[in-house]
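Enquirer: Encoded as structure tokens, here's the structure I'll be asking about.
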Amino acid sequence: MTAKELISESIIPLKTTDTAAFALTLMDEYKLSHMPVVDNGDYLGLISETDILTFNTLDVLIFSLLPNLLRAHVTENQHLFDIITAFSSRKLSILPVLDETHHYLGSITQSNLLHYLADIFAINNPGGVIVIEVNDKDYLLTEIAQIVESNDTKVLSMYIHSIPDSTKLEITLKLNRMNIDPILQTFARYNYSVKASYSENSNHEGLMDRFDSLLKYLNV
């Protein structure tokens, strides 16, 4: 997945002749705290709600705020991981996408990114979730997959979190099966530490809590 494929079609960029008041109106409409500024198709930067509110008047034109613009963007062929990094490092609500000539193509919203992450992590797919903890030197993806697949189950998605100040890894597995008791029993036989599990006996909020934890880990 590249940046160009994640562009939201609904975001209209600001022009230098727009007022600060209009910028705030658009931010409120789109539920954003930043807006891209474009002049004749050329991307100039992002204006933030905070920068606008530092002025005593909302009649000022965006042109007057150009020195305050944040120069944040990605190019159209950059990967999903670059996009996540850009959102995280700059604490953005929107991320402009440019072509090789610095021409503005559109923007990715944080909302679009989160929906896509939910899709690739199979959050909305039916199935159980298992969270295991292992020492990093003991981590074997092939063994974990073999345990799951030996119970006629597939791994839909997984992510790994390094526990701070520890040599342990937390591995979250989303599976295509709701009844995960046999898999839990197999993990126990292989001496895996199961920290949590969410199955047909769990409510959906538990699964979304795990996804929220992932988003906090990514800082997006």
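Every number in this text was worked out from the coordinates using simple rules, so none of it is lab data. Here the structure is a predicted model, which is why all the values come from computation and not from measurement. Don't worry about glycine lacking a Cβ; one is built from the backbone with ideal geometry, like all the others, and counts go over all protein chains shown.
Enquirer: Quote the relative contact order of the chain in percent (integer), defining contacts as alpha-carbon pairs under 8 Å separated by 6+ residues. Write out the running numbers ahead of the final one.
Expert: On the way: 356 pairs, mean separation 39.6, N = 220.
Worked out over the chain, it gives 18 percent.
Enquirer: Would you please give the residues with an amide H less than 5 Å from that of GLY45, counting only those at least 5 places away or on a separate chain, with H modeled from the backbone geometry?
Expert: For GLY45, the qualifying residues are VAL37.
Enquirer: Take the Cβ-Cβ distance between LYS168 and ASP119 as r, set R0 to 22 Å, and report the resulting FRET efficiency rounded to the nearest 0.05. Before the final figure, lay out each step's value.
Expert: Numbers: r = 29 Å, r/R0 = 1.31.
Step by step, r from the Cβ atoms, then E = 0.15.
Enquirer: Listed here are the pairs LYS4/LYS195; LYS15/LYS91; LYS4/LYS137; LYS137/LYS195; which of them are more than 28 Å apart at the Cα?
Expert: Checking Cα-Cα distances, LYS4/LYS195; LYS4/LYS137 exceed 28 Å.
Enquirer: Taking Cα centroids, how far is the range 86-142 from the range 158-203 in Å?
Expert: Each part's Cα centre sits 21 Å from the other's.
Enquirer: Taking the alpha-carbon set of the chain, what are its Rg and Dmax in Å?
Expert: Using the Cα atoms of the chain, the pair Rg, Dmax is 22.0, 69 Å.
Enquirer: Test of understanding: ordering SER48, SER10 by Cβ neighbours within 10 Å, fewest first, what list do you get?
Expert: SER10, SER48
Enquirer: Each residue of the range 38-44 in order: what ³J(HN,Hα) in whole Hz does its phi give by Karplus 6.51 cos²θ - 1.76 cosθ + 1.60, θ = phi - 60°, with x for Gly and Pro?
Expert: Working through the residues one at a time gives 10, 10, 6, x, 8, 7, 9 Hz.
Enquirer: Show me the three semi-axes of the equivalent ellipsoid for the range 3-118, from the C-alpha gyration tensor (sqrt of 5 times each eigenvalue), largest first, rounded to whole Å. Could the numbers behind the result be given before it?
Expert: Values: eigenvalues 109, 45, 28 Å².
Semi-axes, largest first: 23, 15, 12 Å.
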